[in-house]
Amino acid sequence: LLHKFARKLREELKLKKVDILFCKEKNKACSLYYSFANKLQVTHNPDIKKHLWNEYQSVIKFFNKYEQVKVREEEERKAEDLKPGVYQKQLQKIVQELEYRNTAVVIPVLSNPQEKAFIFLGDKISGDIFDNRDIRLFELVKSQLSSALEKSRLFEGVKEGKSVLEKKVAEATEELRGANSRLRQLDKAKSEFVSLASHQLRTPLTTIKGYVSMILEGMWGQVNTDQKRYLEMIQTSNERLIKLVEGLLMVSRIES
C-alpha cells in the first residue's frame with residue numbers, strides 16, 4: 001500500500017525522491033521500506049531494524065507530538081521568526097536534519113499508537129515550491145492512508161486469527177481421532193471380555209442345572225419338602241442366570 005502510494009506520488013508530482021520509514025513503537029525499531037531515488041531504483045527492506053529507530057529518533061519524537069504535514073522551507077522561516085525557546089530549538093534541529101536528508105516535506109501517517117509511517121518527500125525536479133494546493137493534497141492523502149493502513153492491519157489480524165483457529169481445529173480433530181481410536185480399542189476389548197466371560201459362565205451354570213435336576217428327580221434318594229423347595233429356588237435362580245448369559249452372548253454376536 002505504501003509502495004504504490006509513494007510511487008504514484010513521485011510520478012504525479014515529479015519528485016526527486018520518496019522515502020518511507022515504517023516504525024513499530026512496541027519494538028522500538030524501524031524499517032526504511034521503500035526509497036525512490038533519481039534513478040528510479042526501489043529498495044525493499046522489510047526487516048525491522050533497531051538502529052534506524054535511533055537514527056530517526058528525533059524525527060519520530062517530533063512528529064509524534066506535532067502530527068501535521070511539515071514543509072521544510074516554511075518551518076525554517078517559522079524557526080527564524082519565533083522567540084528563543086524549547087519549541088524553537090526543536091524546530092531548528094528538525095529543519096537541519098531534514099535538510100541533511102534532502103527532505104522537503106514530511107507526511108506523518110499514524111495508523112494506530114503502535115505503528116506509524118513517515119513519508120519523506122524530496123524537492124520537485126522542476127524546482128517549484130510546494131504550494132497550498134499540494135499541502136491540501138498531502139493532508140487528504142494522510143487521512144486516507146491512515147484509514148487504509150488501519151483496515152489493512154485489521155485484515156491481517158483476521159487472517160492471522162483464522163490461521164490460528166484452523167490450526168486449533170486441526171489439533172482438536174487429531175485429538176478426537178486418537179480418542180476415537182482408543183474408544184474403538186476399548187469397545188473391542190469390552191466385547192471380547194463379555195463374550196469370554198459369558199462362555200466361561202455358561203459351563204458351570206449348565207452343570208448346576210443338570211445336577212439340581214437329577215437331585216429333584218430322586219437319582220440319589222428321596223428329598224423332603226423343604227429340600228425340594230430350596231432346590232427349586234436354586235433351579236429358578238440358575239435359569240435366570242442362564243438367560244442373562246444368553247442375552248450377553250446375543251449382544252456379543254450382534255456387535256460382531
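Summary of computed values
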| item | result |
| --- | --- |
| Derived scalar couplings ³J(HN,Hα) [segment 4-13; Karplus, 6.51 cos²θ - 1.76 cosθ + 1.60; whole Hz; x for Gly, Pro] | 4, 4, 4, 5, 5, 4, 5, 5, 6, 8 |
| Surface per residue (accessible, 1.4 Å probe) for the chain, Å² | 68 |
| Relative contact order (%) - criterion: Cα under 8 Å, at least six apart; region: segment 140-256 | 31 |
| Sequence-distant residues sharing a close amide H with A29 (under 5 Å, placed H) | K24 |
| Gap separating the Cα centres of segment 1-28 and segment 235-249, nearest whole Å | 88 |
| Pairs of Cα atoms farther than 24 Å apart, segment 86-214, % | 67 |
| Segment 103-227, accessible surface, carbon-and-sulfur percent (1.4 angstrom probe) | 58 |
| The chain - mean residue ellipticity at 222 nm from DSSP helices (-39,500 (n - 2.57) per run, n ≥ 4, rounded to 500) | -23000 deg cm²/dmol |
| 37 °C / 0.692 mPa s Stokes-Einstein diffusion coefficient of segment 164-256, Kirkwood radius on C-alpha pairs, µm²/s | 194 |
| Segment 56-182, relative contact order [Cα under 8 Å, separation at least 6], % | 20 |
| Share of pairwise Cα separations in segment 117-166, more than 12 Å, in percent | 74 |
| Amide H partners (placed H, <5 Å) of E115, local residues excluded | E25 |
| 3J(HN,Hα) from dihedral phi, segment 237-245, Karplus parametrisation 6.51/-1.76/1.60, rounded to Hz, x for glycine, proline | 5, 5, 4, 4, 5, 4, 5, 4, 5 |
| Degrees, to the nearest 10: 86-100 long Cα axis against longest axis of the chain | 90 |
| D (Stokes-Einstein, µm²/s), Kirkwood Cα radius, the chain, 0.890 mPa s at 25 °C | 95 |
| Probe 1.4 Å, all protein chains present, accessible-area order of S31, S213, largest first | S213, S31 |
| Exceeding the 24 Å Cα-Cα cut-off - candidates K61/K124; K61/K83; K4/K162; K8/K28; K28/K168 | K61/K124; K4/K162; K8/K28; K28/K168 |
| Integer Hz, Karplus 6.51/-1.76/1.60 couplings in order for segment 186-199, x for Gly and Pro | 5, 5, 5, 5, 4, 5, 5, 5, 4, 5, 5, 4, 4, 5 |
| Sequence-distant residues sharing a close amide H with V105 (under 5 Å, placed H) | R72, L121 |
| Dipole magnitude of the chain about its Cα centre (Cβ charges: Lys, Arg +1; Asp, Glu -1), debye to nearest 20 | 300 |
| Straight-distance crosslink candidates among aspartates and glutamates, where the alpha carbon sits under 15 Å from K209 and sequence neighbours closer than 8 are dropped | E217, E232, E239, E246 |
| With DNA, RNA and ligands ignored, accessible area of K4 (1.4 Å probe; Å², nearest 10) | 140 |
| The chain, relative contact order [Cα under 8 Å, separation at least 6], % | 15 |
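The values are calculated or read from the model by the stated rules, or taken from the named source; none is laboratory data. None of these values were measured; they are calculated from a predicted model. Please note: Cβ atoms are built from the backbone with ideal geometry, for glycine as well, and neighbour counts cover all protein chains shown. SASA here: full protein model, heavy atoms, side chains in, ligands and nucleic acids out. Shrake-Rupley method; radii C 1.70, N 1.55, O 1.52, S 1.80 Å.
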